[in-house]
Amino acid sequence: MILAAIDTSSRQASVALYDERGVLAEASWRTENRHSVDTLPMLERLLRMQGLEPAAVEAVAVASGPGSFTGLRIGMSLAKGLALALDVRIVGVPTLAVTAYVAGDPGCLLWAVMEAGRGRLCVQPFRFDDGLPVAEADARVVDASEWVPDHVDPILLAGEIGPKLAERLLDLPDGEQIAITSLASSVRRAGYLAELAWERLQRGETDDLDTLDLAYAQ
């Protein structure tokens, strides 16, 4: 089975192809409001690189939010269009769960972070169970200049955390209890989205094409 994964939740976009061997091909790039222009051609390019036709895709995974209002709508529309045209299954995966999964299980509380525009962040705490991220609370939108992650014990922050934000957080009075993933290791990759979706597919779990909807943080 070939699974196509699509993530257009933020300015960091990513697409991937996945099967029982793992990631077949993947592309991640920073985009400025070009999701509708770049995403489908990039997916088609990955298919060509693998010598595959679109009809080879047997399932579609999509990052279902939270994230950019426009970006999420484009990704969901593309994913649903593919699933409908190819008559295949679709799986939605929460965007910040992908961020957490990329970082891996740190053995402590992990805060997944994503840029939300206009100086804001979308943040959500996770712990891991059997190697998979489990949300400890709902995602919420916070002011990037004021946010202080809730914690008592050491924590890991992962995701879209620029140098300015990282410096402010590490300078907090309890900054020695905060670890932050490197810029390269925090990129939200569609290969991880695909792997989370693959786990659900193996359990026989899919989403309804008509009712699958986007999630927006408050």
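If R0 is 25 Å, the Cβ-Cβ spacing of L84 and Y216 corresponds to a FRET efficiency of close to 0.60.
On the chain, 49 percent of the accessible area sits on carbon and sulfur atoms, based on a 1.4 Å probe. Placing +1 on each Lys and Arg Cβ and -1 on each Asp and Glu Cβ, with no other charges, gives the chain a dipole about its Cα centre of roughly 720 debye.
Give the residue list of trypsin sites (Lys or Arg not before Pro) in the stretch 105-140 that are DSSP loop and have at most 11 other beta-carbon atoms within 10 angstrom.
For trypsin sites (Lys or Arg not before Pro) across the stretch 105-140 that sit outside H, G, I, E and B with at most 11 neighbouring Cβ atoms in 10 Å, the list reads R118.
Hand me the GluC sites (Glu not before Pro) from the stretch 127-218 located in a DSSP loop with no more than 12 other Cβ atoms within 10 Å, in residue order please. Passing sites in the stretch 127-218 are E146, E205.
Write down Rg/Rh for the stretch 1-114, rounded to two decimals, with Rg from the C-alpha atoms and Rh from the Kirkwood relation over Cα pairs.
Rounded to two decimals, Rg/Rh equals 0.97.
Normalised per residue, the accessible area of the chain is 48 Å², obtained with a 1.4 Å probe and no contribution from ligands, DNA or RNA. In this structure the amide hydrogen of A144, modeled in the peptide plane, comes within under 5 Å of the amide hydrogens of R120, L121, none closer than 5 places in sequence on its chain. The length gained on full extension between S182 and A55, counted as 0.36 nm times the residue separation minus their Cα-Cα distance, comes to 42.0 nm.
Full extension of the chain segment joining R34 with V134 gains 32.9 nm, where the gain is 0.36 nm per residue of separation less the Cα-Cα distance. Amide H to amide H distances under 5 Å link S10 with S68, where only residues 5 or more positions off or on other chains count and H is placed in the peptide plane. Scaling against 2.2 N^0.38 Å puts the C-alpha radius of gyration of the stretch 106-158 at 1.15.
Note on the chain: GNM, Cα springs under 10 Å; of A83, A184, A166, the largest mean-square fluctuation is that of A184. The C-alpha atoms of the chain define a longest principal axis, and helix 69-86 lies at about 30 degrees to it.
What is the diffusion coefficient of the stretch 132-218 in µm²/s, taking the Kirkwood radius over Cα pairs and the Stokes-Einstein relation at 4 °C with a viscosity of 1.567 mPa s?
82 µm²/s
Can you say what percent of the DSSP beta bridges in the chain, counting only those with both residues inside, are antiparallel? Round to 5. Bridges in the chain are about 60 percent antiparallel. For the residues G51, G67, G117, a GNM of the chain with alpha-carbon springs under 10 Å puts the largest fluctuation on G51. Our helix-only sum for the chain, with -39,500 (n - 2.57) per DSSP H run of n ≥ 4 divided by its residues, gives a mean residue ellipticity at 222 nm of -9000 deg cm²/dmol.
What is the diffusion coefficient of the chain in µm²/s, taking the Kirkwood radius over Cα pairs and the Stokes-Einstein relation at 37 °C with a viscosity of 0.692 mPa s? Stokes-Einstein gives a translational diffusion coefficient of 188 µm²/s.
Taking S64, S36, S186 in turn, the Gaussian network model of the chain (Cα-Cα springs below 10 Å) assigns the largest fluctuation to S36.
Around the amide H of H151, modelled in the peptide plane, lies no amide H under 5 Å away from a residue 5 or more places distant or on another chain. The convex hull defined by the C-alpha atoms of the stretch 58-126 has an orientation-averaged projected area of 5.3 nm².
The values are calculated or read from the model by the stated rules, or taken from the named source; none is laboratory data. Bear in mind the structure is a predicted one, so any value in this text is a computation, not a measurement. Counting neighbours? That spans all protein chains shown, and the Cβs are built from the backbone with ideal geometry, glycine included. Protein only, heavy atoms only, side chains kept; ligands, DNA and RNA dropped before computing areas. Shrake-Rupley method; radii C 1.70, N 1.55, O 1.52, S 1.80 Å.
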